[in-house]
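The values are calculated or read from the model by the stated rules, or taken from the named source; none is laboratory data. Source: prediction; values computed, not measured. Glycine gets a Cβ as well: all are built from the backbone with ideal geometry, and neighbour counts include every protein chain shown.
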């Protein structure tokens, strides 16, 4: 069974390069639809990790991440935050350490 990774990005700051790289490494990529909440996916899907682009929520990123960690994300799910300087290989290395 493939490990699932939730990726939170948007059309402006797409993480398609990271998504494609992880698919090649046999991860199943999960992305919320417009009507789906990331919180619902985190609580119902069997995830290995959640990857969040810090630019997605702007100044509210810290509040979102803290709420995600404190109230929704199971302890065994790795939270990986992305900035514009991280490479797909660095994300993959973080996932392998889970």
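Here are the numbers:
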item: Any hit, region 73-92, residues being surrounded by 15 or more Cβ atoms within 10 Å (Cβ to Cβ), modelled with pLDDT under 80, under 13 Å from the mean Cα position of the chain (by Cα) and under 14 Å from residue 3 (Cβ atoms); result: yes
item: Identity of the residue in region 9-58, assigned to a strand (DSSP E or B) and surrounded by 19 or more Cβ atoms within 10 Å (Cβ to Cβ), that ends up farthest from the chain's Cα centre (by Cα); result: 47
item: Residue tally, condition within 24 Å of residue 20 (Cβ to Cβ) and in contact (Cβ under 8 Å) with a residue 12 or more places away in the chain, over region 38-60; result: 15
